[in-house]
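The values are calculated or read from the model by the stated rules, or taken from the named source; none is laboratory data. Please read these numbers as outputs of a predicted model, since none were measured by experiment. All Cβ positions, even for glycine, are placed from backbone atoms using ideal geometry, and neighbour counts span all protein chains on display. Accessible surface is based on the protein model in full, side chains and every heavy atom, while ligands, DNA and RNA are left aside. Shrake-Rupley method; radii C 1.70, N 1.55, O 1.52, S 1.80 Å.
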Amino acid sequence: MPDSVLWIVSFDGTPLSGVVVESLKLGEAFRQRGHRVLLDIGYDIKEDKGRFFVPYTDEADGLPAWVELARVDGIEEIPWYTPGFVRDTLDAVRHGTPPSSTAACFDVVVEALARRIEKTWHRHGVTAVLVENGTLPENIAYTQALYRAIERYGPQLGDRPFVLWRDHDLMWNSEPSSGKYGTAPYPLTPRPRNSPWIRYLALHEEARRRTLAWVPGLRDLRVLPNTFDFDRVTTAFGLREEYGIPAEAALLARCTRLIPQKRADREIDLIARLAGRLPDRPVYLFLAGDPTEHPPTVAALQEQAQRLGVADRVIFGGRLAARDLGAAGPGFSVADLLAEADVMSFLTSYDYESYGNPIGEAVASGVPYLTTRYALYDTVYGRKGLHAPVLEVSGQDEAPLTEEFVADVAELLTNPLLRGRVAAHNRARGERYFAHSRAAEMVDDLLTTRSPVAMESGPDVYSPAGYAAVAPLAAGTRMTVVIPVRDEAANLPAVIGSLAGQRGPDGPLDRSLFDVLLVDNNSHDDTVVLARELAAQHEGLRLSVIGESEQGVSCARRTGMGVAAERAQLRDGDDTNERFYLVSADADCRVAPDWLYELLNAMDGDKAAIGVCDYYYDAAHFEGRPLLWEAIDRTIRSRRVAWERFGGFPDGKGFAVDRRSYQRVGGIELSYQLEGGRFVSHLSDDWDFGILVRATGEDIVYVPTSRVEINPRRVDHAIDEVVAGRAYGSGGIITMRDIRPPASTRPGGRDLTEAEAVQAWEFSIKDFMPKNMILAAVLTPSLLDDEGVIDLLSPDLARRMAARIPQITAQTHLLSYAPIHSYKTPCFRLYFEFAEELFARLRAKVGPDIGYPPPLPDCLQEIRDTGDEERFREFVRHYCEDRESGEAHDYFGNGGVF
């Protein structure tokens, strides 16, 4: 007998539901790792199935041979624990008031259940537990008892989590219109609780989001979608012959529990309607489901089929073995049914389904499907680009079969070419999303991860294989520092050390003022493990880790900022007068010791929406490379002069934003561009976010005393691209390229040639001037009335630019410059028209080494040589609005140089 034992408990109370099938997919992963698998179907939990305390009979039929049916010992002996007790507690949940009839005995029942669960686990030597649908309040006494048993049993197994708790259905997506499980915030439903022994699973991101909104502080909630075996095939034909279905007939398959909520009556209506449309091809309906679960439903369906004249074409095929499990017994399986079906039907009710496994099984089997647009259809399948006839349904579940829908189904059944194309398309799309099961990975992680119990009083960091919701925000915390990371183990000691070493005017900065949120963006090194170790070395430094699977620093920064903002909103609400700041940092940069203090002080004092840091390079790093350093130094000096007047724009390597300002504009906006035929996230999310905020009229303040040292690896190891203005792409495609030299590479790099130095400076200043001076005036024209801006530009230049900006804006016909790239055309046009004067003002304020404008593009220089300024302006407009060639983008360089 294996030394390891998995106990599966399902709150579904059904031998072969989708919940049980998914539990056994996980069970198979445990079995392959040497576990004996015991399954408690939940007869003694879910009262409305009518099988409370009823012995098992043929439930093992259709289950894999390696599954052993089990139950909690002596559960039927517990005083007061009866079907009536469970009905009364569910009724109390529905009405949101404690059950008067069971109040006196409730805790006694919970304790008795907990003791028997624990005793049963001991008897079987259970080492792992899988709870399916344990939160849905079918039986809140059993749920409470499970939590008690887990907390008592866990320490006996060592220092690792041993429970996977997966909720397929929750109150808001399980018959919410009926009010069966009460109304939000569901006061009597036991909420998931943080435990060192439990790892929670949600079926998709929408389920995870809703759960965290209900339980904001819940940790270790991961997503494990249902997946399907795309390699499984069957050669066991013979189902049609067995059930008397003619070979030439069209066969509609429906795998379902035969209960009212599954709405199999719609399929019967459908084949009756199809009989009129397809007189030459009979349509049969095969209902695969247990007819004994709810006999009144079966009787109603049989009566309906008789009344509509299709009784001879509706096959009640009984319970079939699951498609993706190696089932025991000689009977047919769902795989056999799908091998001979023309179409899988899933005309279910609107608000009953948590996933919809039959659709995934059909897709994996290469069989077209038809469905209702139930509440979660688009979340699970519809947005994956699958093709199918879809019947629109409403929250009231009224969905007459429309002529258009019936016609679509008829075409699918009678057109084999269309059927083949749809099946092939869906299978290719589905394999991309549903084929590679993560069950084995989840099991391996559970069996090898140490419990965080020893860390409960220390930093709030989570295991590297998965991520949890961040702990609630502590009272007094004013800032969350968000740091996207990917394979940054080499840089983490320095960046964590610099955060731990933050200081104020009178000594170390109070660490209760801030916490740190790392967003792991698919690291392959020890980034997350190291984060845990480093945080533990600094008492009071609160550091959490979450994950973002979509690759890209923009995606990771957006996720971190969003989590930090929601957490602050949960703590403070929207009526508080105290400001809370989201602070962005990069893992490869270094912050000054007073970085946070200076940011906090400036933001509180200026009441600005965004505070922008001072970004600089360490001059010592460029010793021996004077030409490169001169170009860099001129850029930095120009930026400081401009930002002192215009306020600057945020850069991900260091800025702060007021939480409410962040949420008012919808947060960081992700934009996508095509690169090599694939969509990639646009890199300038930070800059574009600054545009969103600036466009609302809110202020951006430059904080020169809050300093961030830039990592020089781009100018060290991609100098050729930097010089050519292609450091971040070309043709307007601005993307991040990971530039990390091998560990053996020596620090530093070569100097520039004279020609390269000129070219690098020209690209740097062409990128700088439209984005750092002109853009601020375009977004906020009132800045041209500011004394500091007038001092920089001169009264005459400020006046003429103020007059020209609305003229160009009117010609663009744009209502807003917030959309990606939209600001470039007016800013590029203003640069060409005023470049000589803008450079003259920079020479006066920054230094004579700023020099003169770079040469114009040849096409524009030819027109300027004619001396016709009106014609020059006209063709500047054409040049800057030419989206197809990308010439203007490449003239100004992509995404900056220094």
*Taking only Cα atoms, what is the 0 to 90° angle, nearest 10, from helix 626-646's long axis to the longest principal axis of the chain?*
80
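Semi-axes of the equivalent ellipsoid for the range 149-295, please: Cα gyration tensor eigenvalues, times 5, square-rooted, ordered largest first, whole Å. Mind dumping the intermediate values first?
Numbers: eigenvalues 368, 92, 40 Å².
In descending order, the three semi-axes are 43, 21, 14 Å.
State the percentage of accessible surface on the chain attributable to carbon and sulfur atoms; use a 1.4 Å probe and exclude ligands, DNA and RNA. Each step should come with its number before you reach the end.
Details: 17980 of 35800 Å².
Carbon and sulfur atoms account for 50 percent of the accessible area of the chain.
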*Mind pulling the angle between the C-alpha long axis of helix 527-536 and the longest principal axis of the chain? Nearest 10 degrees, somewhere in 0 to 90.*
80
*Send over a whole-number figure in Å² for the accessible area per residue of the chain, probe 1.4 Å.*
40
_Residue-by-residue Karplus 3J(HN,Hα) for the range 825-839, coefficients 6.51, -1.76, 1.60, Hz, glycine and proline x_ = 4, x, 5, 5, 5, 5, 4, 4, 6, 10, 4, 4, 6, 5, 5
*Sort out for me the Cα centre separation of the range 325-394 from the range 98-171, rounded to whole Å.*
32
*Tell me, what is the 1.4 Å probe accessible area of LYS384, in Å² to the nearest 10?*
40
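What ranking, highest mean first, results for peptides 840-847, 544-551 when packing means the other Cβ atoms within 10 Å averaged over each residue? The partial results should precede the final answer.
Working: 840-847: 16.5, 544-551: 19.5.
Highest mean packing first, the order is 544-551, 840-847.
Arranged from highest to lowest average of other beta-carbon atoms within 10 Å per residue, in what order do the peptides 556-563, 419-426 appear? Spell out each step's value before the answer.
Values: 556-563: 23.9, 419-426: 16.9.
Listed from highest to lowest mean packing, they are 556-563, 419-426.
Charges only on Cβ, +1 for Lys and Arg, -1 for Asp and Glu: so what's the dipole of the chain about the Cα centre, in debye to the nearest 20? Walk me through the numbers on the way to the answer.
Details: 99 positive and 133 negative charges, 165 e Å.
Computed about the Cα centre, the dipole is about 800 debye.
Equivalent ellipsoid semi-axes for the range 531-633, as square roots of 5 times the alpha carbon gyration tensor eigenvalues: give them largest first, rounded to whole Å. Before the final figure, lay out the partial values.
Values: eigenvalues 186, 80, 49 Å².
Value: 30, 20, 16 Å, ordered largest first.
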*For the range 504-510, what does the Karplus curve 6.51 cos²θ - 1.76 cosθ + 1.60, with θ = phi - 60°, yield as ³J(HN,Hα) per residue in whole Hz, taken in order and with x for Gly and Pro?*
x, x, 10, x, x, 6, 4
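Would you calculate the convex hull of the Cα atoms in the range 330-427 and tell me its volume per residue in Å³? Intermediate values should be presented prior to the final figure.
Numbers: hull volume 10.2 nm³, N = 98.
Expressed per residue, the convex hull around the Cα atoms of the range 330-427 is 104 Å³.
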*Per Stokes-Einstein, at 4 °C and 1.567 mPa s, what whole-number D in µm² s⁻¹ belongs to the range 815-863, with the Kirkwood radius over Cα pairs as the hydrodynamic radius?*
103
*asked:* Taking the Kirkwood radius as the inverse of the mean 1/r across Cα pairs, report the Rg/Rh of the range 569-618.
replied: 1.03
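Suppose only helical runs count, i.e. DSSP H with n ≥ 4. What mean residue ellipticity at 222 nm does that imply for the chain under -39500 (n - 2.57) per run, divided by all residues and rounded to the nearest 500 deg cm²/dmol?
Details: 31 runs with 359 residues, N = 898.
Calculated mean residue ellipticity at 222 nm is -12500 deg cm²/dmol.
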_Diffusion coefficient, µm² s⁻¹, Stokes-Einstein with Kirkwood Rh over alpha-carbon pairs of the range 617-662 at 37 °C and 0.692 mPa s_ = 256
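Assuming 0.36 nm per residue, please report the length gained on full extension of the stretch ASP159 to GLU248 beyond their Cα-Cα distance.
On the way: separation 89, 0.36 × 89 = 32.04 nm, distance 6.11 nm.
Fully extending the segment from ASP159 to GLU248 adds 25.9 nm.
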*Would you pull out the residues with amide H under 5 Å of GLY749's amide H, same chain only if 5 or more places away, H placed 1.01 Å from N?*
none
*Residue-wise, which Karplus ³J(HN,Hα) couplings in Hz belong to the range 342-350, taking 6.51 cos²θ - 1.76 cosθ + 1.60, θ = phi - 60°, and x for glycine or proline?*
7, 8, 9, 10, 8, 8, 7, 6, 5
*Net charge of neighbours whose Cβ lies under 13 Å from the Cβ of TYR672, counting Lys and Arg as +1 and Asp and Glu as -1*: -3
*Taking amide H positions as placed in the peptide plane 1.01 Å from N, state which residues far from ARG160 in sequence (5 or more) or on other chains have amide H under 5 Å from it.*
SER451
*In degrees from 0 to 90, rounded to the nearest 10, what is the angle of the helix 140-153 Cα long axis to the longest principal axis of the chain?*
70
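When every alpha-carbon pair in the range 606-719 is counted, what percent end up more than 17 Å apart? Walk me through the intermediate numbers first.
On the way: 3990 of 6441 pairs.
Pairs farther apart than 17 Å: 62 percent.
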*Would you mind checking the pairs LYS653/LYS771; LYS766/LYS845; LYS46/LYS384; LYS46/LYS262; LYS384/LYS824 and listing those with alpha carbons more than 29 angstrom apart?*
LYS46/LYS384; LYS384/LYS824
*With a point put 7 Å past each Cα toward its Cβ, work out how far GLU836 is from ASP506 in nm, to one decimal.*
5.9
*Largest first, how would ARG323, ARG579 line up by accessible area (1.4 Å probe)?*
ARG579, ARG323
_For LEU69, what residues show an amide H to amide H distance below 5 Å, using hydrogens built from the backbone and excluding near sequence neighbours?_
LEU39
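Quick check: convex hull over the Cα atoms of the range 103-171, volume per residue in Å³, rounded to an integer?
Numbers: hull volume 5.8 nm³, N = 69.
Spelled out: Cα convex hull of the range 103-171, divided by residues, is 84 Å³.
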*What span do the alpha-carbon atoms of the range 1-152 cover on each of the three principal axes, reported in whole Å from largest to smallest?*
47, 30, 25
*With contacts defined as alpha carbon pairs under 8 Å and 6 or more residues apart, what's the relative contact order of the chain in percent?*
8
*asked:* Counting just the Cα atoms, what span does the range 752-898 cover along each of its three principal axes? Round to the nearest Å and put the largest first.
replied: 44, 38, 33
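Mind ordering 689-699, 659-669, 181-191, 36-46 by average Cβ neighbours within 10 Å, highest first?
Details: 689-699: 20.2, 659-669: 18.4, 181-191: 16.0, 36-46: 23.6.
My ranking of the peptides, most packed first, is 36-46, 689-699, 659-669, 181-191.
Please tell me the relative contact order of the range 31-85 in percent, rounded to the nearest whole number, where contacts are Cα pairs under 8 Å and at least six residues apart. Provide the component values of the computation, followed by the final result.
On the way: 38 pairs, mean separation 22.5, N = 55.
41 percent.
So what is the orientation-averaged projected area of the chain, using the convex hull of its C-alpha atoms, in nm²? Intermediate results must be reported in sequence, preceding the final value.
On the way: hull surface 174.4 nm².
Average projection, Cα convex hull of the chain: 43.6 nm².
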_Assuming 0.36 nm per residue, please report the length gained on full extension of the stretch HIS425 to ARG94 beyond their Cα-Cα distance._
114.8 nm
